[in-house]
Amino acid sequence: MRVLLCTLILLTFCGCAVGNPPPVVDLYGKESRAAPVRSGSHQVQRGETLYSIAWRYGWDYRALARANHIPAPYTIYPGQTIVFAGGPSKPATPTTPAPAASPSRPSASGATSTPVQAPAPPKPSSPAQAGPVNWQWPANGKLVERFSSSSGGRRGVAIAGHHGEPVLAAAAGRVVYKGSGLTGYGNLLIIKHNERWLSAYAHNDEMLVKEGQSVKAGERIATMGASGTFRTQLHFEIRKDGQPIDPLTVLPSR
């Protein structure tokens, strides 16, 4: 029995060491990253967007797009390799053919790949889109945890609440990620407010908006839940140029 247990442990560690696994995002203090990952690569999985990958590895999405020669609207493909050292991305691995209504492009082998991120191209920037963001609170519950810039600290705030209570867009913008692919965030929404500002809403129960959808400030985008966490709460983050900032510095006083 002891030999079998040791063998299983050894196989577990060996399995974790194979390849180039992505860093685990832990909102509660173990693996939060204060600086962008500057080495290695990430292979795009179905459902990911450039915005979610940039969020995961601490990059500004524009810088990550430039490093990989990905033009707006930043469409990426399953099997594509995103690198973090400034080089170009590798060609996408062919997957299933794209539906007639979805844009597609030939891969290096001549087959057709289905993009995992194809939101509607953004409209030309207006003065409002280029100006400051008018923030409001994304939920009405009690603030139970604050932002910390220390190593391993929380990169946002936690707002307590009851299951099913509304989660609101903290400002007008466009949904650029809807999914559960970032470990520790549960059901996650990311909203782009303009070229510099993004916000994220984690641990949702039901997500009420679609990727690519425009939302208004105060619009109901999700219901509060406990996905990826130990209690019902909203984890709320704001990032400027890819860097986390303390939401309390821009949210209005209560």
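Would you confirm whether any residue within segment 137-145 is surrounded by 15 or more Cβ atoms within 10 Å (Cβ to Cβ) and among the β-branched types (V, I, T)?
No: segment 137-145 contains no residue that is surrounded by 15 or more Cβ atoms within 10 Å (Cβ to Cβ) and among the β-branched types (V, I, T).
Taking the residues in segment 188-209 that are surrounded by fewer than 21 Cβ atoms within 10 Å (Cβ to Cβ) and of a type outside the set (A, V, I, L, M, F, W, C) as candidates, determine which candidate is nearest to G228 (Cα to Cα).
D205
Any residue at all in segment 158-166 that is within 17 Å of the chain's Cα centre (by Cα) and assigned to a loop (DSSP other than H, G, I, E, B)?
No, segment 158-166 has no match at all.
Evaluate the following for Y201: is it under 22 Å from A54 (Cα atoms) and either in a strand (DSSP E or B) or in contact with a Leu (Cβ under 6 Å, 6 or more places away or on another chain) (or both)?
So Y201 fits the description; yes.
From the set of residues in segment 204-249 that are part of a loop (DSSP other than H, G, I, E, B) and charged (D, E, K, R), which is farthest from P166 (Cα to Cα)?
Going through the qualifying residues, I end up with D241.
Yes/no per residue for (1) closer than 28 Å to A35 by Cβ; (2) not β-branched (V, I, T):
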site	(1), (2)
S150	yes, yes
G156	yes, yes
I159	yes, no
G173	yes, yes
Y177	yes, yes
G181	yes, yes
D246	yes, yes
R254	no, yes
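I'd like to verify a number: residues in segment 178-191 that are of a type outside the set (A, V, I, L, M, F, W, C), part of a strand (DSSP E or B) and within 13 Å of E237 (Cβ to Cβ), how many?
Number satisfying all stated conditions: 0.
Can you find, within segment 210-249, the residue that is surrounded by the fewest Cβ atoms within 10 Å (Cβ to Cβ) among those that are among the aliphatic types (A, V, I, L, M) and either closer than 22 Å to T183 by Cβ or at pLDDT below 95 (or both)?
Of everything passing the filter in segment 210-249, A226 is surrounded by the fewest Cβ atoms within 10 Å (Cβ to Cβ).
The values are calculated or read from the model by the stated rules, or taken from the named source; none is laboratory data. Everything numeric here is computed off the predicted structure, so don't read it as measured data. Here Cβ is always computed from backbone atoms with ideal geometry, including for glycine, and neighbour counts include all displayed protein chains.
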